[in-house]
Amino acid sequence: MLQLSNERLQVNKISPLVPRIYANQQTSGEADLGYENPSNDGVSSLIIPQNDVYVSNSKPGIMPESEDTASSSSSSQQPGLKWWIVIAFYIVCVLLGQSAGMILGRFYYNEGGKSQWMATLVQYAGFPLLLPLYRIFPRKSIQSHKPINELSPLKTASIYLFFGLFVAAVGMMYSIGLQYVPVSTFSLLCASQLAFNAFFSFFLNSQKFTPYIINSLVLLTISSVLLVIQSGSSVPEGVSKANYVFGFICAIAYPMAYGLLLSLTEFAFQKVFKNDSFEATLDLLLRQSFIASSIAVVGIVATGDLKSVKAEMNQFRFGKVSYVMTLICTALSWQVYNIGLFGLIVRVSSLFSNVVSTLGLPIVPVLAVIFFSDIMDGIKVVAMLLAIWGFVSYAYDQYLDECSKTKTVNPTPSYASGALEYKS
């Protein structure tokens, strides 16, 4: 039996014979090697029949796919209606959960709630509802082809603690900004998280700045500047000027910190853990949520907010039951958001989940006008349109990037008459 080396098959340019490998679908790696005359002189192609040739399994692309593998590959490239229904469900969860969480958070403040630590707690306290995801999704939904970096328990715990503290700080910025800034303005400022994510990814994740990303950065920056210019005329009733300025600073710092959090998370999975599996991602989310919730509980006790909870319940405009239900529904809303977010991460990608999350932010100003009578003046409308434009520019750049990656990872092989052809 003729042994083929791992070197690339070379074709003598003088010879008119073109090598072709005909697969016989055997698991032993055997194949039939034939030679054809590609000339158009009317002479039938010369075929050297049935010469057994051993084909090294280490040569990528020589062994053909079986019918089952080919059919599964085709089905994975052409997702069916069921797959699209599931993706649509997750998108709805992200949009509804995020919008409801922001609106209910503002409702808590408007109707008598005052504890910023309580508003922070409800963002993470519902994390036990995510435990069933270990059963719903297969543990190896996302496979990493890189070797997993085994860290010591102390290093792993330190990383979880760092992210838990960071998430708690981000949640507190969110609570302060939502308390003192109109929810319509706050949500538009949050749309700049894509720009901050791209900025920090440039340094941490080797993100390249394309014209579309630069366009997105400029548009989102202009959108935020417009809101800063008109901020003096949109101070909510009952909020002092000093508190409004402090809240506005937190409202700007929140998307900045959130963008940094996303970049650090990506850096941790790629460079530290070297593991981007679904289980590893869910582990980080649950542990950082537990730590952030614990910090919020300590903050409630240390600041004396626990003693004022009863007074808040009595002073709440719609009564005690409404107070409790507001907190419960807020916590449920953010977990619905997390379920949709994780569903998109597992089924599509983390980038797509972040893009969908940003897409839902312009929905909140419309709901704020309906439920809280927020003023939607011309500057806010222009800022919202610029934010949407910046989002579309960023999303289109990532779409082009994903398309180029797909073409690089899955190049189209050259087939002729059922034979796999190799050209020099």
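Observations on the model:
- Segment 228-367 - percent relative contact order, Cα under 8 Å, separation 6 or more: 8
- Segments 262-272, 283-293 sorted - mean Cβ within 10 Å per residue, highest first: 283-293, 262-272
- Rounded FRET efficiency, nearest 0.05, which uses the C-beta distance separating VAL92 from VAL272 and R0 of 25 Å: 0.15
- Equivalent-ellipsoid semi-axes of segment 261-403, from the Cα gyration tensor, Å, largest first: 33, 26, 13
- The listed residues VAL181, VAL392, once ranked by accessible area (1.4 Å probe) with the largest placed first, stand as VAL392, VAL181.
- Close amide H contacts of MET376 (hydrogens built in the peptide plane, cut-off under 5 Å, sequence separation of 5 or more or a different chain): none are found.
- If R0 equals 30 Å, the separation of the Cβ atoms of PHE290 and ASN110 corresponds to a calculated FRET efficiency of about 0.50.
- Per-residue surface analysis assigns ILE328 an accessible area of about 80 Å², computed on protein heavy atoms at 1.4 Å probe radius.
- Cα point-scatterer Debye curve for segment 233-311, base-10 log of I(q)/I(0) at q = 0.13, 0.14, 0.17, 0.21 Å⁻¹: -0.70, -0.78, -0.94, -1.05
- Paramagnetic label reach from PHE318 (point 7 Å along Cα→Cβ; backbone nitrogen cut-off under 14 Å): within segment 348-378, residues 371-372.
- The peptide list 123-134, 108-119, put in order of mean Cβ contacts within 10 Å with the highest first, becomes 108-119, 123-134.
- Separation of the GLU279 and LEU81 label points, Cα + 7 Å toward Cβ, nm: 3.6
- Model label points for ILE222 and THR406, set 7 angstrom from Cα along the Cα-to-Cβ axis, are 3.1 nm apart.
- Our estimate of slack between VAL239 and LYS307, defined as 0.36 nm per intervening residue step minus the Cα-Cα distance, is 22.1 nm.
The values are calculated or read from the model by the stated rules, or taken from the named source; none is laboratory data. Remember, it's a predicted structure, so these values are computed and weren't measured experimentally. For neighbour counting, all protein chains shown are included, and Cβ atoms are generated from backbone atoms with ideal geometry for every residue, glycine included. All accessible areas refer to the heavy atoms of the entire protein, side chains included, with ligands and DNA or RNA removed. Shrake-Rupley method; radii C 1.70, N 1.55, O 1.52, S 1.80 Å.
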